[in-house]
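The values are calculated or read from the model by the stated rules, or taken from the named source; none is laboratory data. Keep in mind that this is a model prediction, so the values were computed, not measured. Quick reminder, even Gly has a Cβ in these numbers, built from the backbone with ideal geometry, and neighbours come from all protein chains shown. Heads up: the accessible areas ignore ligands, DNA and RNA and are worked out on the full protein's heavy atoms, side chains in. Shrake-Rupley method; radii C 1.70, N 1.55, O 1.52, S 1.80 Å.
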Amino acid sequence: MALSEAPIGQPARYGEVFDRGYKHYDGPQLGRGAAAWALVRYSAKRALGIKKSWTAKIIPILLYVAAAFPVILVVGITAFAPNAEVWDYADFFIFTFVIEGLFVATIAPEMVCGDRRENVLPLYFSRAITRLDYLLAKLVATALLTLTISFIPAFLLWLFLQLLADAPLSAMGDNLDDLARVAVAGGLIALYLGAIGLMISSFTGRKSVAVAVIVVAFLITQALGVALFEAVDRGSAYHDYLVFLSAGQTTIGLVGALWPDSDIDLSELALWTYVAVMLVVVAICCLVMLWRYVPDE
Amino acid sequence: MIAVDERTIAAPMSVVPEVAPPPVVEARGLEKRYGRHLALDRLDLTIPRASVGLLGANGAGKTTLLRLLLGLAKPSAGQASVLGFDTRHQGIKIRERVGYMPESDCLPPGTTAADFVGHMAEMSGLPSRAARQRAADVLYQVGLDEERYRLIKGFSTGMKQRVKLAQAIVHDPDLVFLDEPTNGMDPQGREDMLDLIARIHRNLGIAVVVSSHILEDIERVCQHVVILSGGRLVVSQPIGDLGDDGGNLLVRLDGDPGPFVARLTAAGLHVRPSEDDDVWGELVIRRDGDHVYDAIRDAAADLDLPLRSLRSRSRSLEDVYLGNVGVENGTGGASDGAV
Amino acid sequence: MTNLFWRTFPVTTLTVRQFLGGKAVRVVVAMSAIPCLFALIYLINTTVATPRDYLVEVVFRGLMAPTLLPIMVLILATGALGNEVEDRTLPYLTMKPMGRLRIAFEKLLGVLVVAVPAVLAGLLATYGIVRVAASDYQPVFRRAAENLDLTSVLGPMLVAATAGVVATASVFLFVSLVIPRALLVGIVYVFVWESLLGRFLTGIRIVSIRHYVESIFVDRLDDPAYTLDNATGLRAALIVVVVVSVVSVVLAAWRLRRMNLE
Amino acid sequence: MSRQRRVFIPDNGHVAPLERANLPGVIAGREPTIVVDHVSKWYGDVVAVSDVSFGVGPGVTGLLGPNGAGKSTILKMMAGLLAASSGEITILGGPARGRPGVYKQLGLVPEQESVYPYLSGREFVRMNAILQKLPDPAGATERAIGLVEMGDAANRKMGGYSKGMRQRIKVAACLVHDPQVVLMDEPLNGTDPVQRAGLIALIRALGRSGKTVLVSSHVLVEVERFAENIVVIVNGKLAAAGDFRAIRDKIDAHDHAVRIRTDQPRRLAAALIADPATRALRFDHEGRIVAETDDVRAFYRAVPAAAKRYGIRLFEVQPDDESLTSVFAYLVER
């Protein structure tokens, strides 16, 4: 910095002692939105086990592999035997639902249980965010991560199937509606499952308990939902609404409503009913969580 | 080294200007009820821009007060402002400008110190890169250097406390609340932590509110003291004003103090052993005037006794505290023979 | 009264208080109500199976034995000592003039005191509802031999379930002293080992609690309509359950003796 | 100071063979209740406690050392919760571990805060009384709760207790069976001044009644108030053991700095520099004399004598190294 001031022809002797002391921060403070977004990124990274030991990463990796498997399978079969009967998008979503459920059971407890158990919550709430910001950030993080399982494999499937067509570009144009459906299904499922998983996790600080309860809840509601669905007379007015008793049935129903041509014949409910009910469930989960995070007054 | 010393000495003069700066906290009639329990009782409190000690027994309302001031709980009555912001509606604004170090263990063990403090900086709205830089700087400032890339899991209590302090100042707040910052730390760690706290105010100009049980800590680092008891404010005053009660000198000798005591008593002085007699053999002598100093000197010189220490006891915070809190003093032999 | 419990079985009483004070009991009670929900569904529509079939195949062999019972017991058994290890309260028990075997045994007793009533109550309530449903059951195929007797199912269910609770509880009480995340391991055991592998690899049944529970159940039920492949005889199954439980408790006591408590 | 004060400061690197009669930290002629005999503890490759030997006799002994020095590990090994990697700990004549009978005479206040949140304080103490197989658990419970003055809060659930209340109920639970040997790991942590004063009085009373009380603490100002003997652990090794003042005397043999405030500093300085006990003199920024000496006792005699001779008034004589803090800092420095 002082180098240029040295007289020409003489070697520059430069020496300076710098103050290594505390300096005040004069950069920008971006406020609530930026803080919440930082929480989203941080939570997502930690839930995936990034910067943690391999044991924390192994389950997410296995689930990603499991989700990629059908994509490779379907694309492979279609490539070599174009006329073979392979899964359509609806079948694909029904298969991946199990993986999504397990994925949410893995990451949702990672999102919130540690904060409660390790007592980090007081620190978060002493920062420039509100409780609602915290919860929404956790929900967004969970949903975004789940999206990598519920949307990206299906999107890749769509992309590869178009690339296999004779005229990929026009095929893409023709099948944009499928892409839109994939996006709606992936996004809704991610938000819906994420909210349920987080809501359950918000009740305990023990991760293993949360994982157990989420898995058992998915399984039992599925069994109950199916049993009740079968038991109730098909003709009755409320029969179709019984799909909403379980996350699995709801998802299958949603997929069936998105792809009416598929052989899913669960109920006659309209697409908007599914969307509305799933969003209501998300809202209810948020309310429950908000109640769980009310300070002990 | 010497240069640093001079700066430390000079700093208080330069920080305290002629005109008193606006207070950092002002509370009027602040009240907080939990059901029937009155945690804070019509508190009128002004905390100056200084380093301030917040004292009180467990359950005196310290933590409740901090929660109210951070805008994390709503007062049942009254109002308070922190840095000019109303705690009831401007919690976010306050928390942007305030740092908080909670008493409890609050660090995720599976994170590195650098990651965690950086994340906390981001949570105060700092851009990601700046946050990481600040985290590294601040961790260095609190005395964590190489260790900052290690998992918090392996940290000692002292290191954890440093990380907690670092996250409280990482976003360069105007005011920090430190809840029991020296709890569980060893002597060296305590020294370092107290030095750090003193520096936060003196060198960085950040106002500090320290809540503590350890009176010596408050005496060492604070300029102003606030004492709560049963949710009420009992004392709020500059620490110097607690003053010297003019009362006592403490003398410690080697060897048998008998003749020494006899001589001083004969000279009309009031001498008694201190409460901790059986441990240290310290004598308490009432200071009726400056002649007492000379009497002590002469007695020691004539009896050829080593004068280990001579000091005047200013009214310690413990006295103020016990006096104001008004609980029976259990020190000394009060409950001897109970076992 | 509580005083009497405290004085006779202090550790058991503590364990029960621990469960009642936490959320574990709420989860377990909620789970014990799940078979009742299935029974209620059956009440709506009895055409899916005969009442006896429903009780045996759907409720007990489909739901209770493979999934609900192990998970309910797991939650309690891994918490009984595991939470004390995790919360570092175990020294309050081990630093007493008291044998380790007694600690392990009383802890197991505490788990059983909560788990057995919860499981049995769920089964009983389910049985009651299915009984009600059976009153308007219309045999679809009027087969002469159709067995509609429900009462004879109840006893075997309760006996087999109790044996299952005891065995699972003692095994996982010990496991929780050895593995830090015993509950997760247990859930993997239930879903992977007992359900998936057990279905394909018949050899695994020998080391499966569920297998012995079903063996006891099938044996007591003594109905050719309900069988189990490679079923173990009643006596052998009971001996296995007892031996497994005793060995687990002894191992837990041994582990308590050896453990380093931080 | 009639009884003999023995002190032990180990030489670096030198490990003395253990002799019961010559155990560091034990007052001659008294049988130690706790004997730590060449004890080490490793966690993997990390040495937490390294070949430590000392004894603890009746009375209050302070166990001192910085965080992570190994104090808690030693207490846990004494309590039989941890196995020593090598060496042996004996309590009341027998091994500490694998002998549940010893707990009739042994109590520990553990370091961790955790208690059973769903029990009331009274239930918790009574549970301890019952597990100790006391004939009158109810009476013992009330007595123990009385000792820590927790009567008011004893019926509340411990989950709602403050840190100080938890500490006190833990102490009550530890004392309910009136054990001969009491181990306390940081019992004063988290207590407020009033509670602390009460606990200190209790600890002193326990020591006076002839029990062996070993208390670890960081807050040295307070250890001064209850401990007659100290055991100092630094970095897993024994740094010092024995009588408090005797250890200080040992340290007196090393360089000391003394601060003196007087009305005529230059004159007193001139008088003191002539004294052979004075090694160096300077003034601090408040105008006090800072004198360095290597013969502490002679110097402390010289100060009043010189002041008297020249009619100088002494306001303050404050050794820099008087408190335990500096004793400790000195031991740690090596």
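For region D:153-174, filtered to residues that are within 8 Å of chain B (Cβ to nearest Cβ) and of a type outside the set (G, A, S), the residue that is surrounded by the most Cβ atoms within 10 Å (Cβ to Cβ) is D:M165. A Cβ distance below 6 Å, combined with a sequence gap of six or more or placement on separate chains, defines the contacts here; from region D:94-118, residues that are at the interface with chain C (Cβ under 8 Å from one of its Cβ atoms) and among the basic types (K, R) reach residues that are assigned to a loop (DSSP other than H, G, I, E, B) and surrounded by fewer than 18 Cβ atoms within 10 Å (Cβ to Cβ) in the pairs D:K104/C:P97. When both residues are 6+ apart or on different chains and their Cβ atoms are under 9 Å apart, which pairs have a first residue that lies in region B:300-311 and is at the interface with chain D (Cβ under 7 Å from one of its Cβ atoms), and a second that is among the polar types (S, T, N, Q) and open to solvent by 10 Å² or more (accessible area, probe 1.4 Å)? From residues that are at the interface with chain D (Cβ under 7 Å from one of its Cβ atoms), the pairs are B:S309/D:Q318; B:L310/D:Q318; B:R311/D:Q318. Looking only at region C:37-86, residues that are in contact with a helix residue (DSSP H, G or I) (Cβ under 8 Å, 6 or more places away or on another chain), at the interface with chain A (Cβ under 9 Å from one of its Cβ atoms) and among the small types (G, A, S) come to 1 in all.
Residue-wise test of (1) open to solvent by less than 10 Å² (accessible area, probe 1.4 Å); (2) more than 10 Å from chain A (Cβ to nearest Cβ); (3) under 28 Å from D:S217 (Cβ atoms).
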| residue | (1), (2), (3) |
| --- | --- |
| B:G154 | no, yes, yes |
| B:I169 | yes, no, no |
| B:L178 | yes, yes, yes |
| B:R190 | no, yes, yes |
| B:D195 | no, yes, yes |
| B:R202 | no, yes, no |
| B:I214 | no, yes, yes |
| B:I227 | yes, yes, yes |
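Of the residues that make up region A:5-19, is at least one open to solvent by less than 90 Å² (accessible area, probe 1.4 Å) and modelled with pLDDT of 80 or more? For region A:5-19, residues open to solvent by less than 90 Å² (accessible area, probe 1.4 Å) and modelled with pLDDT of 80 or more: absent. Where strands (runs of 3 or more DSSP E) fall wholly inside region B:25-74, the ranges with 3 or more residues that are in contact (Cβ under 8 Å) with a residue 60 or more places away in the chain, open to solvent by 40 Å² or more (accessible area, probe 1.4 Å) and in contact with a strand residue (DSSP E or B) (Cβ under 9 Å, 6 or more places away or on another chain) are B:37-47.
Every condition in (1) more than 10 Å from chain C (Cβ to nearest Cβ); (2) crowded, with 18+ Cβ neighbours inside 10 Å; (3) free of Cβ contacts under 8 Å to residues at least 60 places away in the same chain is met by D:G146 except one, and the failing one is (2). Pick out, from region D:93-196, the helices (runs of 4 or more DSSP H) lying fully within it that include 2 or more residues that are touching an Asp or Glu at 6+ places or on another chain (Cβ under 8 Å). Of the helices (runs of 4 or more DSSP H) lying wholly inside region D:93-196, those with at least 2 residues that are touching an Asp or Glu at 6+ places or on another chain (Cβ under 8 Å) span D:163-175.
Being within 14 Å of chain C (Cβ to nearest Cβ) and either open to solvent by less than 30 Å² (accessible area, probe 1.4 Å) or in contact (Cβ under 8 Å) with a residue 12 or more places away in the chain (or both), is that true of even one residue in region A:180-200? Checking region A:180-200: at least one residue is within 14 Å of chain C (Cβ to nearest Cβ) and either open to solvent by less than 30 Å² (accessible area, probe 1.4 Å) or in contact (Cβ under 8 Å) with a residue 12 or more places away in the chain (or both).
Taken over region D:197-234, the criterion of being assigned to a loop (DSSP other than H, G, I, E, B) and at pLDDT below 80 is satisfied by D:H218, D:V219. Taking helices (runs of 4 or more DSSP H) as the structural unit, those lying wholly within region B:222-319 and holding at least 3 residues that are modelled with pLDDT of 85 or more correspond to B:258-266, B:291-303. Of all residue pairs spaced 6 or more apart or on separate chains, those with beta-carbon atoms under 7 Å, a first member in region B:162-173 that is more than 16 Å from A:P122 (Cα to Cα) and a second member that is modelled with pLDDT under 95 and among the aromatic types (F, W, Y) are B:H171/A:Y25; B:D172/A:Y25.
Does C:L123 satisfy being touching a residue at least 12 places away in the same chain (Cβ under 8 Å) and open to solvent by 10 Å² or more (accessible area, probe 1.4 Å)? Break it down into steps so the answer makes sense when it comes.
Working: touching a residue at least 12 places away in the same chain (Cβ under 8 Å): yes; open to solvent by 10 Å² or more (accessible area, probe 1.4 Å): no.
In short, no.
Remark: pairs (first residue in region D:285-303, buried (at least 22 other Cβ atoms within 10 Å of the Cβ); second residue assigned to a loop (DSSP other than H, G, I, E, B) and acidic (D, E); Cβ separation under 8 Å; 6+ apart in sequence or on different chains) = D:T293/D:D255; D:F299/D:D275; D:Y300/B:D254; D:A302/D:D275.
Conditions (1) in the same structural domain as B:G205 (by TED's automatic domain parsing); (2) open to solvent by 20 Å² or more (accessible area, probe 1.4 Å); (3) farther than 24 Å from A:S43 by Cα, marked per residue:
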{"site": "B:S76", "(1), (2), (3)": "yes, yes, yes"}
{"site": "B:R88", "(1), (2), (3)": "yes, yes, yes"}
{"site": "B:I94", "(1), (2), (3)": "yes, no, yes"}
{"site": "B:M101", "(1), (2), (3)": "yes, no, no"}
{"site": "B:H119", "(1), (2), (3)": "yes, no, no"}
{"site": "B:S128", "(1), (2), (3)": "yes, yes, no"}
{"site": "B:A136", "(1), (2), (3)": "yes, yes, no"}
{"site": "B:L139", "(1), (2), (3)": "yes, no, no"}
{"site": "B:E146", "(1), (2), (3)": "yes, yes, yes"}
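Determine whether A:T106 is open to solvent by less than 10 Å² (accessible area, probe 1.4 Å), hydroxyl-bearing (S, T, Y), in contact (Cβ under 8 Å) with a residue 12 or more places away in the chain and farther than 30 Å from B:T87 by Cβ. So A:T106 fails the test.
Is it fair to say B:A80 is touching a strand residue (DSSP E or B) at 6+ places or on another chain (Cβ under 6 Å) and at negative phi? Yes.
Of all residues in region B:109-152, those that are assigned to a helix (DSSP H, G or I), more than 12 Å from chain A (Cβ to nearest Cβ) and in contact (Cβ under 8 Å) with a residue 40 or more places away in the chain total 1. From the list A:L169, A:L136, the lone residue that is open to solvent by 10 Å² or more (accessible area, probe 1.4 Å) and farther than 30 Å from B:R97 by Cβ is A:L169.
Of all residues in region C:126-159, none satisfies the criterion of being modelled with pLDDT of 90 or more and in a loop (DSSP other than H, G, I, E, B).
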